[in-house]
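S.K.: Attaching a single structure in structure tokens format; questions to follow.
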Amino acid sequence: MKIVFMGTPEFAIPSLQKILDSKHQVAAVVTAPDKERGRGRQITFSPVKEFALENKLAVYNPVLLKDPDFISQLEELKPDLFVVVAFRILPKEVYSIPVKGSFNLHGSLLPQYRGAAPIQWALINGEKQTGVTTFFLEDKVDTGNIILQEKISIDDKDDFGSLHDKMMMLGSEVVLKTINLIDSGNYSLTKQNDSVTSPAPKITKEICEIDWSKYAVEIHNLVRGLSPYPGAYFNYNGKTYKVFKTKMIDSDRWSVVSGQLDIKSNETDNSQLSTGKIYQTKKEIFVQTKDDVLQILELQPEDRKRMTAEEFLRGYTLIN
């Protein structure tokens, strides 16, 4: 089949590679417009564009997807199928061009986690399982009929970075399987059940801020879901600290740990536990949450690099 591939970030590259290695033809690649970055305002390409150029593929990076010239260029290719992986929302004028339709790879088990950040929200909500879904595009975002789904377990040690990479590779396999099914015509579609949908909205700065009055597991999962990017954070004494890795310590274990360690606190009265209260030793940092104590394992002070708690405490402190 003649395919036009649409994608922008690194997540999309393994899927494009799978198609290139298959019997199918990549007629063109569509990706995000070039951007100016840095003080020198140098032009930079998306990861997908860099990969496409390295493989001598035709590349389009339109600013407006409804641009008549862009639509004409796509029509002239006479594509059989559009494959969309981590790209923009396509208007009907575009996704209706191919004779066999357009499908998208989504990083969840639809209809769960419809939206821009499905991998992050699965972690933030403490899910033990997620997956990838391919579906035909329709007018409403992430609502089309499902072609294929495959599940993946979420390990307790997974964060956004590790789960992203696992799903990137799983997704590439599912993309090629989907293309082959569409090519054969031997597939069935599953309508999404809108009554069991859940949202996965874009991650904002407000979402990233840690609220120490929440339960320890909620904060721990927030950190996992936002690590390594964009990073959960908290403000303390006028400075911002990003947190990349934490460890939950229940009350019983904390009573043993605190009894064995020479602990300093950010409060003079240690008799009362209060949320947000910080404790530290020479090598470790702990924070009291609503129910239990959370240990900060990796963090990044404002305008400094990411480091372990032990590295941080060699030159900094959270205790006045």
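S.K.: Give Thr240, Thr197, Thr246, Thr190 a once-over and let me know the one that is at pLDDT 95 or above and touching a His at 6+ places or on another chain (Cβ under 6 Å).
M.R.: None of the other options fit; the residue is Thr246.
S.K.: Follow-up. Spot the failing condition for Pro62; the list is (1) under 28 Å from Leu181 (Cα atoms); (2) open to solvent by less than 30 Å² (accessible area, probe 1.4 Å); (3) in a loop (DSSP other than H, G, I, E, B), and only one is missed.
M.R.: Going through (1) under 28 Å from Leu181 (Cα atoms); (2) open to solvent by less than 30 Å² (accessible area, probe 1.4 Å); (3) in a loop (DSSP other than H, G, I, E, B) one by one, Pro62 breaks only (1).
S.K.: Still on this structure: Could you please find all residues in region 72-87 being open to solvent by 30 Å² or more (accessible area, probe 1.4 Å) and assigned to a loop (DSSP other than H, G, I, E, B)?
M.R.: Hits for region 72-87 are Lys78, Asp80, Ala86, Phe87.
S.K.: Scanning for something open to solvent by less than 80 Å² (accessible area, probe 1.4 Å) and among the acidic types (Asp, Glu), does region 183-192 turn up at least one residue?
M.R.: Within region 183-192, one or more residues are open to solvent by less than 80 Å² (accessible area, probe 1.4 Å) and among the acidic types (Asp, Glu).
S.K.: Within region 5-28, which residues are closer than 25 Å to Ala117 by Cβ, open to solvent by 20 Å² or more (accessible area, probe 1.4 Å), outside any loop (DSSP other than H, G, I, E, B) and not β-branched (Val, Ile, Thr)?
M.R.: Of everything in region 5-28, those that are closer than 25 Å to Ala117 by Cβ, open to solvent by 20 Å² or more (accessible area, probe 1.4 Å), outside any loop (DSSP other than H, G, I, E, B) and not β-branched (Val, Ile, Thr) turn out to be Glu10, Phe11, Pro14, Gln17, Lys18.
S.K.: Read through the list (1) open to solvent by less than 10 Å² (accessible area, probe 1.4 Å); (2) closer than 24 Å to Asn193 by Cα, then give the number of the only condition that Val94 fails.
M.R.: (2)
S.K.: Now a separate question. Residues of region 204-240 being of a type in the set (Val, Ile, Thr) and over 22 Å from Ile319 (Cβ atoms), which ones?
M.R.: Scanning region 204-240 gives Thr204, Ile207, Val217.
S.K.: Mind listing whichever residues of region 291-320 are assigned to a loop (DSSP other than H, G, I, E, B), farther than 15 Å from Pro228 by Cα and either touching a Leu at 6+ places or on another chain (Cβ under 8 Å) or open to solvent by less than 50 Å² (accessible area, probe 1.4 Å) (or both)?
M.R.: Result: Asp292, Leu318, Ile319.
S.K.: Right, something else. What's the total number of residues in region 29-52 that are crowded, with 20+ Cβ neighbours inside 10 Å and not in a loop (DSSP other than H, G, I, E, B)?
M.R.: Looking only at that region, the number is 6.
For (1) in contact with a Ser or Thr (Cβ under 8 Å, 6 or more places away or on another chain); (2) crowded, with 18+ Cβ neighbours inside 10 Å; (3) more than 20 Å from Leu16 (Cα to Cα), each residue gets a yes or a no:
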{"residue": "Pro98", "(1), (2), (3)": "no, yes, no"}
{"residue": "Phe103", "(1), (2), (3)": "yes, yes, no"}
{"residue": "Ser108", "(1), (2), (3)": "yes, yes, no"}
{"residue": "Pro111", "(1), (2), (3)": "yes, yes, yes"}
{"residue": "Ile124", "(1), (2), (3)": "no, yes, yes"}
{"residue": "Gln149", "(1), (2), (3)": "yes, no, no"}
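The values are calculated or read from the model by the stated rules, or taken from the named source; none is laboratory data. No experiment lies behind these values; they were computed from the predicted model shown. When we count neighbours, we look across all protein chains shown, and the Cβ atoms used for this are built from the backbone with ideal geometry, even at glycine. Surface accessibility is based on the protein's heavy atoms, side chains included, excluding ligands, DNA and RNA. Shrake-Rupley method; radii C 1.70, N 1.55, O 1.52, S 1.80 Å.
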